[in-house]
1. At 0.36 nm per residue, and after removing the present C-alpha to C-alpha distance, how many nm does the segment from residue 366 to residue 68 gain when stretched out fully?
2. Please build a GNM for the chain, connecting alpha carbons under 10 Å apart, and tell me which residue among 334, 266, 255 fluctuates the most.
3. Between 113, 309, 277, find the one with the highest GNM mean-square fluctuation for the chain; connect C-alpha pairs within less than 10 Å.
4. Over the stretch 180-366, what is the relative contact order in percent, taking alpha-carbon pairs closer than 8 angstrom and at least six residues apart?
5. The stretch 124-147 to the stretch 190-229: how many Å between their Cα centroids?
6. Please find, in a Gaussian network model of the chain (springs between Cα atoms separated by less than 10 Å), the residue of 120, 346, 207 whose mean-square fluctuation is greatest.
7. How many percent of all Cα-Cα pairs in the stretch 2-174 sit more than 28 Å apart?
8. Applying 1/(1 + (r/R0)^6) with R0 = 22 Å to the Cβ-Cβ distance of residue 23 and residue 2, what FRET efficiency is obtained, to the nearest 0.05?
């Protein structure tokens, strides 16, 4: 077991297995291209060790170059936003073989194909040392595969966690033994946002607010945002599968998180079942559902006070506030039954000082 920053990683692939896969790739490609001089293009930063060892195993004439792609924190639907190192020159009429350290979602690969789309190369092939076939949903064939691996976050042999671990000779996978995934409920005014922030900081969790995710995708004009907006503009409910896909993207953007807080989803039993299916596909699950409980009279006064400061009209009308409480009760009762059936429903007293409530929540988490 090794520790990188705040995460622990356990052994996954040893050096002999990795080197055998590299040699196998080199032998396969040599068999196909030994009579010409291909150009191998490594994708930085992760592929530098793979490319180095691959070239030592490749016993025929070849050329090598590199490209580098950069993405900002909080990926868009395409993920790739900038090319930092351009394509090699004089590749027209030549065979180009991309050497990728790992292929999972296919976002980087899609951008790579676009880079080469107007270059008039003789042939364009893709070789991946590590390939997550269960998560790859791209439209391009992977021509050469070293090792097909499950959907685990890995480091080592060029791959990093926050820039650490690239120099490891072996590959390690994230130790998810202590991963915590939560669904948090609470009536308006119950302090759900405040307590979610506490849980996020204390346990290194990623807080996924469905409302925030919708607003981000719509504002940034992502493919999913445009799709959701098309339903909203017609006055229709956004289908569950669209919401789930947005949540999936958020999970994929945060492989280093120790777990996730789902806020605002699920709202129905069908959505809860869909969330379970999605998390199971990631070898995860909901550990606990936490409902912040508070007296309606106390919450009403909280919201009326908040309305004076925030200016929100729905916090200034007592009838509207109580209607929101009724709606919450109607939606939460079936979900409470669903999660109680799994032994995952926890009720926490939401009345008191913020720190007191935080301690109650921490007690629930520590007992999981």
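1. Going from the current span to full extension adds 103.0 nm.
2. Looking only at 334, 266, 255, the biggest GNM fluctuation is shown by 334.
3. Of 113, 309, 277, the most mobile in the Gaussian network model is 309.
4. Contact order relative to length: 30 percent.
5. After rounding, the separation between the Cα centres reads 31 Å.
6. In this elastic network of the chain, the residue with the biggest mean-square fluctuation among 120, 346, 207 is 120.
7. Across the stretch 2-174, Cα pairs with separations above 28 Å total 20 percent.
8. 0.25
Where a number appears in this text, it was derived from the coordinates with a stated rule and is not lab data. Predicted model only: the values in this text are computed from it and were never measured. Methodologically, a virtual Cβ is constructed for each residue, glycine included, from the backbone with ideal geometry; neighbour enumeration extends over all protein chains shown.
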